Structures are given as C-alpha cells and as structure tokens.
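S.K.: Dumping the structure here so I can ask a few things about it.
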C-alpha cells in the first residue's frame with residue numbers, strides 16, 4: 001500500500017505508455033509464442049477448430065529443415081561480413097566529416113545521411129540498374145579495368161556481396177551520425193597534449209579516438225548486428241531470396257512461410273529461433289567487450 | 001449556436017439522403033486482376049460499363065509475384081474483392097477457406113454452358129461436383145522447336161511420342177555436339193509433372209493424402225526426364241542459358257517446353273529474318289494417341305462469398321468469358337481463350353503458332369486439387385534439380401520426395417480422419 005502511495009503518481013504517468021506497450025507489444029508477442037506450439041496454417045484460417053497443439057514439433061521440423069540452415073548461413077554471412085564493414089565505413093566517414101580540414105561539413109553529413117531516409121523500394125530500382133549485367137554502371141567500370149562482366153544479382157556467388165554493398169551504402173549514414181556525436185564529445189585537450197608529445201595522426205587515432213569511442217562503438221556494433229540479423233527488405237525487393245536461395249535470409253524465410261504458405265505456427269517458431277540467436281550473440285558481445293575493458 | 005447546429009444537421013441530412021439516393025442506382029463492384037491481365041482488362045471493363053450503366057467496376061491491378069500473399073491477407077482481413085482472377089491451382093486452397101461462391105446455380109440460369117469450355121480446363125474449377133470458377137484463359141505447355149534444324153536431320157514433323165523425342169534428340173546431338181537438343185530448366189517443376197501426367201501418374205494417393213511419386217508410373221516418367229540429363233541432351237544448371245531467346249536463335253538449345261506467352265516473346269525477340277526457324281508442336285505421348293497430356297493451367301474468374309453484389313459480379317464474369325471479349329483479350333495479351341467458340345474465329349485459325357495449342361487443349365490434365373500443391377511443386381522442382389546433377393539414384397530421390405510430400409500433407413491426413421469421425 002505504502003509502495004503504491006509512494007509511486008502512485010509515477011504509475012499514473014507511465015500508465016499510457018504501459019497500456020500501449022501491453023496491448024501492442026506484450027500481448028502479440030505472447031500470442032505468437034503460444035502460436036509457435038500450434039500448427040496454425042491455412043486450414044486454421046478456414047476454421048479455428050483445425051488448430052492443434054503440437055508441442056515442440058515446429059522447432060523440431062525447423063532444425064531438420066535444410067532451408068533453415070541455408071537461411072541461417074546466408075544471414076550469418078551477411079552479419080559477419082556486412083556488419084564490421086558497415087561499422088568501419090561509418091567510422092571512416094565520420095572521421096572524414098568531422099575532420100578539421102574538411103569543408104562543407106553539414107552538407108556532406110546531409111548527403112551521406114540521405115540513403116538512410118530514402119525508401120528501399122525506390123533505391124532498389126536504381127541499384128538494379130547499377131548491377132545490370134550488360135548495361136550496369138558497375139560492370140562498365142569493371143570493364144575499364146578489363147574485368148569480365150559479372151551477373152551480380154543472377155549469380156549465386158555474387159548475389160550476397162551485391163546485397164551487402166547495397167545494404168552498407170543504405171545504412172552507413174545512420175551509424176556515421178552516432179559516431180560524429182561520439183567524436184565531438186572527445187575533449188580537444190587530449191589531442192593537443194598528444195600533439196605536444198609528438199604523436200602522429202595514427203597514434204592519435206589509436207590511443208585517443210579509439211578508446212574514447214569505445215562506448216559508442218559497442219552501441220553501434222550491437223545495434224548494427226541486431227539490424228543486420230533482421231535482413232529482409234534488401235533481398236525481398238532485389239532478389240526474392242534467389243538465385244538458388246543464395247540471398248534467402250531468416251526473416252525472408254519467415255515471411256515466405258507466414259504469408260506465402262500461411263503456415264503461421266512454423267513461421268512464428270522461426271521468429272523465436274531468431275530471437276534466441278540474436279539474444280545469445282548480443283550477450284556474448286557485451287561480455288566480450290566488458291572483458292576487454294578490464 | 002443553436003442556429004448553426006440546425007443548419008449543420010440539415011445539411012448533413014440532406015447530404016446523406018443524396019448519397020443514399022445515388023448508391024441505389026449504381027452498384028460498384030471491385031475486381032482484382034494480376035500483372036498484365038489486370039492492366040489490359042481495363043479496356044474490356046470500359047466496354048462493360050458502357051453496356052451496363054448501372055454497374056461500376058473498380059479494377060485493382062496486383063503484381064503476380066505478390067498476388068497469392070495479397071489474397072490470403074485480404075481473406076484474413078476480410079477485405080476480398082467481389083470478383084477476382086485466380087490461378088486455377090489456387091482454387092482448392094480458397095475452397096478450403098470457404099471463401100468462394102458455388103457457381104452451380106448461377107450457371108444453370110445462365111446462357112453459358114459447360115460444353116463451351118475445354119473439359120480439362122473446366123475440370124480444374126470443380127471441387128467435389130461444386131463449380132467455383134469459370135475459366136478465363138488457358139495456360140498450357142507445348143513444345144517450341146527449331147524447325148530448320150529438324151529439317152537438317154531429315155525430320156519433317158515434330159516428335160509424336162517419347163521414343164521419337166529420344167531419337168530426334170540423339171540425332172540432333174550427333175549433328176550438333178556442342179549444342180543441346182532440349183532445354184529442361186531445373187528451376188521448373190512443369191517438365192517432370194507433364195511427363196508424369198503423360199504416363200498416367202496420379203502424383204498423390206489415398207484421397208490425395210500421401211505422396212505417390214515412388215510408384216512405377218511416375219518413376220518411368222522421371223527416368224525419361226533423367227535420360228536427357230544423363231545423355232547430355234539438356235544443359236545442366238541455369239547458368240549456361242542466361243537468355244533463352246538468344247540460345248534458341250543461336251541453336252544452342254533446339255526444343256523448349258513452354259507456354260503461350262512465349263509466342264509473342266519469340267516473335268518479338270527472334271530477329272525478323274529468322275522468324276521461319278521456329279514452330280510449335282503439341283506434346284508427345286507415351287502411346288499412339290497424339291497429343292500427350294499437358295498442364296491445365298491458366299486463370300479463372302471467381303466470385304467471393306463475401307461479395308454484396310453477386311448478380312452484378314456474375315454479369316461481369318459472363319461478359320469477360322463471352323466469345324467477343326475473349327478474342328479482344330487474346331489480341332491484347334496473347335492469353336489463349338478458354339471459350340471454344342472463340343477458337344473458331346479467323347484470328348486464331350490463321351495463326352500457325354496457336355494451332356499446336358488448339359490441338360493440345362483437347363488433352364489437358366489438372367494438378368492434384370489440394371491446397372498444398374504449390375508447396376509440393378517446390379519439392380518436385382528440387383527433386384528435378386537433384387537428378388540433373390546426378391546427386392543420387394532415382395529411387396532415393398523419389399523416396400525423399402515422397403517423404404517431403406507426406407510431411408506437407410500431414411495436416412490434411414489428420415483432418416480427413418477427424419472429418420470421418
């Protein structure tokens with residue numbers, strides 16, 4: 001009772017947010033969790049009596065489904081290659097944009113941020129032209145260096161790299177802004193002191209910028225990793241998972257099962273599997289970073 | 001304040017009366033069409049609206065790639081249109097969902113007769129004696145072949161049966177060792193299924209609740225399919241043929257099993273001075289009856305149960321399946337009419353390429369009518385890929401295929417048992 005008296009006002013203030021969260025977040029997530037133990041499918045859509053509780057069968061089927069492993073492999077490929085590349089690109093661009101010698105800083109910051117706010121569907125049309133095997137700009141440039149034309153989106157070896165390049169271009173601006181904020185919070189005296197000690201640019205970067213940015217970097221890495229695990233819209237608009245499932249991501253697989261075949265139960269079990277994977281990787285990342293700090 | 005309110009209400013009442021009045025006269029129906037069909041149908045609909053001033057039709061065009069998802073989502077969200085174009089392999093699914101109107105009684109009262117349609121294609125719209133759609137256009141597969149290359153080895157006519165198909169392939173391969181006589185794309189399920197149909201396979205058994213691919217009839221057909229890969233008569237993998245039309249013109253591939261839309265494409269993409277090199281032929285058979293079976297594909301027009309304007313909607317379906325409109329639709333899209341009368345028109349009779357299709361239409365077989373078919377077809381396609389790269393023996397591949405299919409049909413079995421009780 002005392003507790004409520006003490007925090008009553010606080011509860012009142014957060015009540016609207018909690019209510020919204022409850023109905024639009026917790027309830028659906030809980031319903032989905034229950035659904036992952038049923039065989040909710042097209043028959044269930046016709047008549048709810050056709051739903052059966054099947055325990056862990058969805059998860060069992062999932063583990064034995066080769067397509068799931070293909071999707072997981074593709075997603076990991078995207079996360080492991082695309083994630084670090086994206087962070088490196090954002091950091092480099094942030095340093096360039098924040099550099100003292102750079103001119104028109106705001107202008108460039110805006111330019112680099114534009115891909116983030118453009119819609120993926122419009123952008124994909126442009127990128128499809130860029131990647132076109134015969135008339136695309138990229139192959140045209142490669143031709144200049146006498147490299148054979150590459151069928152970027154039609155070849156199963158090149159489709160994923162093509163998606164990675166596009167995803168990095170699309171997303172690096174967001175992380176760049178966060179890095180710029182991080183860079184600006186580093187006190188100028190540190191650099192001045194280093195300068196007096198005769199440190200060169202690389203030493204300044206390695207001994208001042210990197211450690212001072214570590215908190216920002218952890219944040220960016222985790223956010224990027226989580227975002228990249230949910231790879232969906234790029235392959236959905238560019239390749240539909242093809243060729244030969246080489247760009248099929250976990251979320252795309254989930255979408256296909258859910259909305260193409262309407263096997264909702266199975267589809268939801270994929271979602272929870274992905275949740276477990278992301279959760280585990282995030283925990284690992286946090287632990288690893290902490291260890292490094294000690 | 002009071003006066004303002006009074007004015008407001010009287011205006012509101014006046015407006016609402018007006019609205020009611022106008023909607024009594026004109027009934028609006030929603031029609032969904034897919035891809036090019038959805039675009040081209042608008043011209044026909046204009047004519048329909050002119051003939052029926054009391055009916056307004058709202059056409060919504062949906063890309064084929066998202067059509068299926070869109071329909072299921074619309075069903076779940078209770079926002080289906082009145083009339084829709086529906087790929088006829090999807091009909092069982094929507095009948096299972098109990099969302100399609102049974103058209104039996106409407107057909108009885110109508111001037112349209114079942115005999116107006118080709119039986120194979122009409123059959124795809126029937127589930128347990130109930131009629132759930134009317135065929136709009138037919139999409140079947142025939143053999144497109146290089147006439148000039150056939151001539152060069154002394155074959156004056158296309159292969160009529162499986163033996164001839166094998167023989168002509170070998171002869172072509174001997175004469176043009178660097179080329180491939182036939183193109184069976186491993187990312188399609190159609191060729192295997194068509195061969196299976198020709199050999200009388202039922203694909204599924206026990207009331208369509210188990211896979212039946214290991215059975216002798218399908219096995220023979222599958223071995224026939226394998227024969228072309230085994231003897232290097234069909235290119236393996238898709239990368240060798242990046243552009244079918246180019247490969248066909250160059251003679252890299254000489255036979256290709258494909259559908260009516262490619263008549264237009266072949267006419268457009270093969271250079272004008274080389275148009276004489278190609279021809280179409282009905283599918284070969286396993287016995288002396290020519291042609292052999294092919295897929296009864298295509299789209300039907302369906303009426304959804306949720307529709308509030310069923311009479312007007314049925315009128316639209318009748319209109320679109322009439323001879324005159326079917327011919328107009330054919331000239332605009334190249335889609336083959338489902339109406340027999342339309343085929344007696346000179347436009348179709350005089351077209352040398354559609355002749356093979358006309359012949360083929362008499363022997364069409366539909367794929368098993370289960371909602372799971374699309375999913376099963378994906379597995380069939382995978383088995384084709386496996387045999388093309390010689391991963392394992394036919395027995396093993398078909399055993400795995402049956403296993404996969406049985407898993408897909410698990411729910412269907414449990415429901416069949418439940419319904420019996």
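The values are calculated or read from the model by the stated rules, or taken from the named source; none is laboratory data. Predicted model, so just to flag it, every value in this text is computed and none were measured. Cβ coordinates were reconstructed from backbone atoms using ideal geometry, including for glycine residues, and neighbour counts include every protein chain displayed.
Each row is one residue, and each column tells you yes or no for (1) within 14 Å of chain B (Cβ to nearest Cβ); (2) free of Cβ contacts under 8 Å to residues at least 24 places away in the same chain; (3) loosely packed, with under 11 Cβ neighbours inside 10 Å; (4) in a helix (DSSP H, G or I).
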residue	(1), (2), (3), (4)
A:19	no, yes, yes, yes
A:23	no, yes, yes, yes
A:26	no, yes, no, yes
A:29	no, yes, no, yes
A:40	yes, no, no, no
A:49	yes, yes, yes, yes
A:74	no, no, no, yes
A:78	no, no, no, yes
A:83	no, no, no, yes
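S.K.: Suppose we filter the range A:131-154 for residues that are in a helix (DSSP H, G or I) and either within 14 Å of chain B (Cβ to nearest Cβ) or under 19 Å from residue B:242 (Cβ atoms) (or both); how many remain? Step through it out loud before you land on a result.
M.R.: Going residue by residue through the range A:131-154, those that are in a helix (DSSP H, G or I) are A:137-144.
Okay, now just the ones that are also either within 14 Å of chain B (Cβ to nearest Cβ) or under 19 Å from residue B:242 (Cβ atoms) (or both), so A:138-140, A:142-143.
Residues that pass the stated criteria total 5.
S.K.: Now, a different point. Filtering the range A:85-123 down to residues that are over 17 Å from the mean Cα position of the chain (by Cα) and in a loop (DSSP other than H, G, I, E, B), which residue is nearest to residue A:216 (Cα to Cα)?
M.R.: Top of the filtered list is A:99.
Yes/no matrix, rows are residues, columns are (1) at pLDDT below 90; (2) closer than 22 Å to residue A:242 by Cβ; (3) in contact with a strand residue (DSSP E or B) (Cβ under 9 Å, 6 or more places away or on another chain):
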site: A:86; (1), (2), (3): no, no, no
site: A:118; (1), (2), (3): no, no, no
site: A:143; (1), (2), (3): yes, no, no
site: A:153; (1), (2), (3): yes, yes, no
site: A:168; (1), (2), (3): no, yes, no
site: A:185; (1), (2), (3): no, no, no
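S.K.: For the range B:319-326, indicate whether the set of residues that are at pLDDT 90 or above, under 18 Å from the mean Cα position of the chain (by Cα), away from chain A (no Cβ under 14 Å) and part of a helix (DSSP H, G or I) is non-empty.
M.R.: yes
S.K.: Report, by residue number, each residue of the range B:49-63 that is farther than 12 Å from residue B:312 by Cα, touching a strand residue (DSSP E or B) at 6+ places or on another chain (Cβ under 8 Å) and more than 12 Å from chain A (Cβ to nearest Cβ). Talk me through it step by step, then tell me what you get.
M.R.: Taking the range B:49-63 as the starting set, the residues that turn out to be farther than 12 Å from residue B:312 by Cα are B:50-51, B:58-63.
So of that shortlist, the ones also touching a strand residue (DSSP E or B) at 6+ places or on another chain (Cβ under 8 Å) come out as B:58-63.
Answer for the range B:49-63, where residues must be farther than 12 Å from residue B:312 by Cα, touching a strand residue (DSSP E or B) at 6+ places or on another chain (Cβ under 8 Å) and more than 12 Å from chain A (Cβ to nearest Cβ): B:58, B:59, B:60, B:61, B:62.
S.K.: Being modelled with pLDDT of 90 or more, surrounded by fewer than 20 Cβ atoms within 10 Å (Cβ to Cβ) and within 12 Å of chain B (Cβ to nearest Cβ) narrows it down to one of A:255, A:279, so name that one.
M.R.: Values: A:279 fails: within 12 Å of chain B (Cβ to nearest Cβ).
Testing whether each residue is modelled with pLDDT of 90 or more, surrounded by fewer than 20 Cβ atoms within 10 Å (Cβ to Cβ) and within 12 Å of chain B (Cβ to nearest Cβ) leaves just A:255.
S.K.: Further question: Taking the range A:210-248 only, how many residues are under 16 Å from residue A:152 (Cβ atoms) and either free of Cβ contacts under 8 Å to residues at least 60 places away in the same chain or crowded, with 19+ Cβ neighbours inside 10 Å (or both)? Outline the logic, then answer.
M.R.: Let us first name the residues in the range A:210-248 that are under 16 Å from residue A:152 (Cβ atoms), namely A:234-235, A:237-244, A:246-247.
Now restrict to residues that are either free of Cβ contacts under 8 Å to residues at least 60 places away in the same chain or crowded, with 19+ Cβ neighbours inside 10 Å (or both): A:234-235, A:238-241, A:243, A:246-247.
Matching residues across the range A:210-248 total 9.
S.K.: Can residue B:342 be described as without any contact (Cβ under 8 Å) to a residue 24 or more places away in the chain, more than 14 Å from chain A (Cβ to nearest Cβ), in a helix (DSSP H, G or I) and within 30 Å of residue B:289 (Cα to Cα)? Spell out how you get there, then give the answer.
M.R.: Working: without any contact (Cβ under 8 Å) to a residue 24 or more places away in the chain: yes; more than 14 Å from chain A (Cβ to nearest Cβ): yes; in a helix (DSSP H, G or I): yes; within 30 Å of residue B:289 (Cα to Cα): yes.
Against the criterion (without any contact (Cβ under 8 Å) to a residue 24 or more places away in the chain, more than 14 Å from chain A (Cβ to nearest Cβ), in a helix (DSSP H, G or I) and within 30 Å of residue B:289 (Cα to Cα)), residue B:342 qualifies.
S.K.: Related question: Is it fair to say residue A:159 is closer than 30 Å to residue A:72 by Cα and within 14 Å of chain B (Cβ to nearest Cβ)?
M.R.: Details: closer than 30 Å to residue A:72 by Cα: yes; within 14 Å of chain B (Cβ to nearest Cβ): yes.
Against the criterion (closer than 30 Å to residue A:72 by Cα and within 14 Å of chain B (Cβ to nearest Cβ)), residue A:159 qualifies.
S.K.: Restricting the range B:234-258 to residues that are part of a loop (DSSP other than H, G, I, E, B) and buried (at least 22 other Cβ atoms within 10 Å of the Cβ), which is farthest from the other protein chains (Cβ to nearest Cβ)?
M.R.: The first filter runs over the range B:234-258 and keeps only residues part of a loop (DSSP other than H, G, I, E, B), leaving B:234-243, B:251-252.
In the following step, the residues that additionally are buried (at least 22 other Cβ atoms within 10 Å of the Cβ) were identified as B:234-235.
On the way: B:234: 18, B:235: 16 Å.
So the residue we want is B:234.
S.K.: Exactly one condition in (1) touching a strand residue (DSSP E or B) at 6+ places or on another chain (Cβ under 9 Å); (2) within 14 Å of chain A (Cβ to nearest Cβ) is false for residue B:375; which is it?
M.R.: So the condition that residue B:375 fails would be (1).
S.K.: Now a separate question. Being within 12 Å of another protein chain (Cβ to nearest Cβ) and closer than 17 Å to residue A:65 by Cα is the filter here, so list the residues in the range B:387-405 that pass it.
M.R.: From the range B:387-405, those within 12 Å of another protein chain (Cβ to nearest Cβ) are B:389, B:400, B:403-404; that's our starting set.
Of everything in the range B:387-405, those that are within 12 Å of another protein chain (Cβ to nearest Cβ) and closer than 17 Å to residue A:65 by Cα turn out to be B:400, B:403, B:404.
S.K.: All but one of (1) in contact with a helix residue (DSSP H, G or I) (Cβ under 8 Å, 6 or more places away or on another chain); (2) surrounded by fewer than 23 Cβ atoms within 10 Å (Cβ to Cβ); (3) within 14 Å of another protein chain (Cβ to nearest Cβ) hold for residue B:131; state the number of the condition that does not hold.
M.R.: Residue B:131 satisfies every listed condition except (3).
S.K.: Still on this structure, please answer the following. Out of (1) touching a strand residue (DSSP E or B) at 6+ places or on another chain (Cβ under 6 Å); (2) farther than 30 Å from residue B:110 by Cβ, what's the single condition that is false for residue B:299?
M.R.: With respect to (1) touching a strand residue (DSSP E or B) at 6+ places or on another chain (Cβ under 6 Å); (2) farther than 30 Å from residue B:110 by Cβ, residue B:299 is out only on (2).
S.K.: Residue B:408 - would you say it is touching a helix residue (DSSP H, G or I) at 6+ places or on another chain (Cβ under 7 Å), within 14 Å of chain A (Cβ to nearest Cβ) and farther than 29 Å from residue B:235 by Cβ? Talk me through it step by step, then tell me what you get.
M.R.: On the way: touching a helix residue (DSSP H, G or I) at 6+ places or on another chain (Cβ under 7 Å): yes; within 14 Å of chain A (Cβ to nearest Cβ): yes; farther than 29 Å from residue B:235 by Cβ: yes.
Yes, satisfied.
S.K.: Looking at the range B:87-105, which of its residues are in contact with a strand residue (DSSP E or B) (Cβ under 8 Å, 6 or more places away or on another chain) and either more than 12 Å from every other protein chain (Cβ to nearest Cβ) or at pLDDT below 90 (or both)? Spell out the reasoning first.
M.R.: Here is the first cut: in the range B:87-105, the residues in contact with a strand residue (DSSP E or B) (Cβ under 8 Å, 6 or more places away or on another chain) are B:87-89, B:91-92, B:94-95, B:99-104.
Scanning the range B:87-105 gives B:87, B:88, B:89, B:91, B:101, B:102, B:103, B:104.
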